[in-house]
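*Asks:* Before we start, here is the structure in question, set down as structure tokens.
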Amino acid sequence: MTATPDAQTQDAPNEPRRRISKRIAAIAESATLAVDAKAKALKAAGRPVIGFGAGEPDFPTPDYIVEAAIDAARQPRFHRYSPAGGLPELKQAIAEKTLRDSGYTVDPAQVLVTNGGKQAVYESFATLLDPGDEVLVPTPFWTTYPEAIRLAGGVPVEVFAGPEQGYLVTVDQLEAALTPRTKILLFVSPSNPTGAVYSPDQVKEIGDWAAGHDLWVVTDEIYEHLTYDGVPFTSIATASPAIGDRMVILNGVAKTYAMTGWRVGWMIGPKDVVKAATNLQSHATSNVSNVPQMAALAAVSGPLTAVNEMKVAFDRRRIAMVEGLNAIDGVECPVPKGAFYAYADVRSLLGRELGGIRPASSAELAALILDKVEVAVVPGEAFGPSGYLRLSYALGDADLATGVGRLQEFLATAQ
């Protein structure tokens, strides 16, 4: 007798077999990378596009970091496989850097070096979530978070905080979203896309609330060194010790050290979680490329001089962009306190005529702006609700002024 496959695992009769799995087909393309790719393609075609899409510093990676990579490339030991979890010397340096910057003590065995921050995000959720587990996601959110949660079998639960509350969620909102299926709170400060930064008291309150419900906290600290106006960065790991061993910290060198293309990130967590995530990575990618790991070692163990110099430029551009956007009738843009993004409320422009078209959503407005004045921005739909535009100010001063000027001229024609 021939075994009959489970009918639920097969396509319906007379239908062609599915080429792409449901799981992967359900993943949305990264909106920020899509906007950036389109802008770069238009530039390559000779178009004078100004790209406010990707969060990518326009500065080169500092020389001492590049030199460390060149030196590593000449050493035969780095031409070979290395431990899947990361070079021991880099894990030690990340542990020391975490104590220096976050005040949080970790053992190198609690560190997993990943291929960029995105891999750390996915592996954290894949390690912690079972199918149907829920993750509270403060919204607006970075576009990758909900996709990584879904890919790991989890359910993202959006908790929206609008401009009227400074894009900062409250404990009352989190409590209202809590269900018996809630396992993780995602916490991000400074925020991509809004630039919002939680105060030390707010961080402690949220952390203590999560601890009181025995939730895991996954916190992304990638923008820890980019705060302005004297606003401090506060790690939830140290603000709320009650969370204990239900804490995972995500970080990387991309934003702080202008190393977006080097692809080195990490996750920090309890040893059993990191061991499980390392097992996953051992089958997914093996070790991170050794040369970028040595570059990252130079970055995290070196001085913050170059970082602070870049921050001065970001601060200047931040003020220029916000002032320029707020000069446009129908645009409201709060001053971001961290990261390098402005999150503009453009709901008043939707439905008004621009260039003979009445955009009904921020996605339609962003497409119209790119088409009419060749300025690339990311629509709010990528981060949650429609009605907003995210603009990165991590680009040159001249391009920023040109791009904002085009927006002012075009959006001023709204009727």
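*Asks:* Look at segment 191-209 and say how many of its residues are closer than 29 Å to Val378 by Cβ and either over 19 Å from the mean Cα position of the chain (by Cα) or not aromatic (Phe, Trp, Tyr) (or both).
*Replies:* 11
*Asks:* Within the bounds of segment 301-308, is there any residue that is in contact with a helix residue (DSSP H, G or I) (Cβ under 9 Å, 6 or more places away or on another chain), assigned to a loop (DSSP other than H, G, I, E, B) and free of Cβ contacts under 8 Å to residues at least 60 places away in the same chain?
*Replies:* Checked against the condition, which is being in contact with a helix residue (DSSP H, G or I) (Cβ under 9 Å, 6 or more places away or on another chain), assigned to a loop (DSSP other than H, G, I, E, B) and free of Cβ contacts under 8 Å to residues at least 60 places away in the same chain, segment 301-308 yields at least one hit.
*Asks:* With the checklist (1) in a helix (DSSP H, G or I); (2) in contact (Cβ under 8 Å) with a residue 24 or more places away in the chain; (3) under 23 Å from the mean Cα position of the chain (by Cα) in hand, flag the one item Pro146 doesn't pass.
*Replies:* Condition not satisfied by Pro146: (2).
*Asks:* Gly162 versus (1) surrounded by fewer than 18 Cβ atoms within 10 Å (Cβ to Cβ); (2) more than 20 Å from Leu391 (Cα to Cα); (3) not polar (S, T, N, Q): which is the lone unmet condition?
*Replies:* Among (1) surrounded by fewer than 18 Cβ atoms within 10 Å (Cβ to Cβ); (2) more than 20 Å from Leu391 (Cα to Cα); (3) not polar (S, T, N, Q), Gly162 violates only (2).
*Asks:* Right, something else. For the subset of segment 7-40 comprising residues that are at pLDDT 85 or above and among the small types (Gly, Ala, Ser), which member is least open to solvent (accessible area, probe 1.4 Å)?
*Replies:* Applying the filter and picking the extreme gives Ser21.
*Asks:* Now, a different point. One residue is enough: does segment 319-326 have a residue meeting the conditions open to solvent by less than 20 Å² (accessible area, probe 1.4 Å), out of contact with any strand residue (DSSP E or B) (no Cβ under 7 Å at 6 or more places or on another chain) and aliphatic (A, V, I, L, M)?
*Replies:* no
*Asks:* Could you list all residues from segment 315-344 that are under 25 Å from Ile94 (Cα atoms) and not in a loop (DSSP other than H, G, I, E, B)?
*Replies:* Gly338
*Asks:* So Ala320 fits all but one of (1) closer than 20 Å to Phe52 by Cα; (2) without any contact (Cβ under 8 Å) to a residue 60 or more places away in the chain; what number is the exception?
*Replies:* Among (1) closer than 20 Å to Phe52 by Cα; (2) without any contact (Cβ under 8 Å) to a residue 60 or more places away in the chain, the lone unmet condition for Ala320 is (2).
*Asks:* With Ala342, Ala313, Ala306 as the choices, which residue is at pLDDT below 95, within 25 Å of the chain's Cα centre (by Cα), surrounded by 17 or more Cβ atoms within 10 Å (Cβ to Cβ) and within 30 Å of Pro60 (Cβ to Cβ)?
*Replies:* Result of the check over Ala342, Ala313, Ala306: Ala306.
*Asks:* While we're looking at this one, here's another question. Which of the residues spanning segment 109-133 are assigned to a helix (DSSP H, G or I) and farther than 13 Å from Met267 by Cβ?
*Replies:* Selection gives nothing.
*Asks:* If you go through segment 267-288 one residue at a time, do you hit one that is in contact (Cβ under 8 Å) with a residue 60 or more places away in the chain, closer than 28 Å to Gly396 by Cα and of a type in the set (A, V, I, L, M)?
*Replies:* no
*Asks:* Only one of Asn287, Asn251 is in a loop (DSSP other than H, G, I, E, B), in contact with a Gly (Cβ under 8 Å, 6 or more places away or on another chain) and among the polar types (S, T, N, Q); which?
*Replies:* Step by step, each of Asn287, Asn251 is checked, and only Asn287 is in a loop (DSSP other than H, G, I, E, B), in contact with a Gly (Cβ under 8 Å, 6 or more places away or on another chain) and among the polar types (S, T, N, Q).
*Asks:* Now a separate question. Take the residues of segment 263-284 that are open to solvent by less than 50 Å² (accessible area, probe 1.4 Å) and either basic (Lys, Arg) or outside any helix (DSSP H, G or I) (or both): which is nearest to Leu99 (Cα to Cα)?
*Replies:* Ile268
*Asks:* Output the residues belonging to segment 219-248 that are over 16 Å from Val264 (Cβ atoms) and in a strand (DSSP E or B).
*Replies:* Thr219, Thr227, Met247, Val248
*Asks:* Then there is this: Which of the residues belonging to segment 180-201 are without any contact (Cβ under 8 Å) to a residue 40 or more places away in the chain and either touching a strand residue (DSSP E or B) at 6+ places or on another chain (Cβ under 7 Å) or crowded, with 19+ Cβ neighbours inside 10 Å (or both)?
*Replies:* If the condition is that a residue be without any contact (Cβ under 8 Å) to a residue 40 or more places away in the chain and either touching a strand residue (DSSP E or B) at 6+ places or on another chain (Cβ under 7 Å) or crowded, with 19+ Cβ neighbours inside 10 Å (or both), then Tyr198 is the only one that fits.
*Asks:* Within segment 209-216, identify whether any single residue is in a strand (DSSP E or B), open to solvent by 30 Å² or more (accessible area, probe 1.4 Å) and modelled with pLDDT of 95 or more, and answer yes or no.
*Replies:* Checking segment 209-216: at least one residue is in a strand (DSSP E or B), open to solvent by 30 Å² or more (accessible area, probe 1.4 Å) and modelled with pLDDT of 95 or more.
*Asks:* In addition: Could you tell me how many of the residues in segment 303-354 are closer than 21 Å to Asp101 by Cα and either touching an Asp or Glu at 6+ places or on another chain (Cβ under 8 Å) or of a type in the set (A, V, I, L, M) (or both)?
*Replies:* The qualifying residues number 7.
*Asks:* Sticking with this structure for a sec: How many residues, within segment 364-395, are open to solvent by less than 10 Å² (accessible area, probe 1.4 Å), over 21 Å from Ala254 (Cα atoms) and either part of a loop (DSSP other than H, G, I, E, B) or aromatic (Phe, Trp, Tyr) (or both)?
*Replies:* Adding up the residues that qualify gives 2.
*Asks:* When you scan segment 226-248, do you find a residue that is among the aromatic types (Phe, Trp, Tyr), more than 17 Å from Leu185 (Cα to Cα) and open to solvent by less than 10 Å² (accessible area, probe 1.4 Å), even just one?
*Replies:* yes
The values are calculated or read from the model by the stated rules, or taken from the named source; none is laboratory data. These figures come from a predicted structure and were not determined experimentally. Here the Cβ is made from the backbone with ideal geometry for all residues, glycine too, and neighbour counts use every protein chain on show. Ligands, DNA and RNA are excluded from the accessible area calculation, which covers all protein heavy atoms including side chains. Shrake-Rupley method; radii C 1.70, N 1.55, O 1.52, S 1.80 Å.
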